[in-house]
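Worksheet: one structure, shown below.
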Amino acid sequence: MSAAQAAALATIDFRVNGGRLGSIASEDGTFVPPRWELDQEVDRCRRCTSEFDWINRKHHCRYCGKIFCGKCSSHRMLLPREFNTTDVERVCHSCNEILAPKQREL
């Protein structure tokens, strides 16, 4: 990646994510949304490492913000109130394990 491409990607990342580093809570316990991974950063699924193409599409986990293939992000869960959505959202397998026990209260 050239310096110009890296600078362009950094500009997009700041516009999308601001100062988020990827945590769900800050040091004082307030909610901080996860860092939203940019499509340009990823060419393979974060879990199974399958390459993305026009058939194997990219999907964001709505809980952690990382990009996965359809098979590795096939779960749908309610998210905590802080995410400001009442819809069932796509999540990856790891986040499914975190969120599954909390579904009754959500």
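What to note about this one:
- Across the accessible surface of the range 33-106, with the other protein chains kept in place and a 1.4 Å probe, carbon and sulfur atoms take up 45 percent.
- Solvent exposure of the range 50-106 as accessible area per residue, Å², 1.4 Å probe: 65 Å²
- Ranked packing of 60-67, 98-105, most packed first, by mean Cβ within 10 Å: 60-67, 98-105
The values are calculated or read from the model by the stated rules, or taken from the named source; none is laboratory data. Everything numeric in this text was worked out from a predicted model, so none of it was measured. Cβ atoms come from the backbone with ideal geometry, glycine included; neighbour counts cover every protein chain shown. Surface accessibility is based on the protein's heavy atoms, side chains included, excluding ligands, DNA and RNA. Shrake-Rupley method; radii C 1.70, N 1.55, O 1.52, S 1.80 Å.
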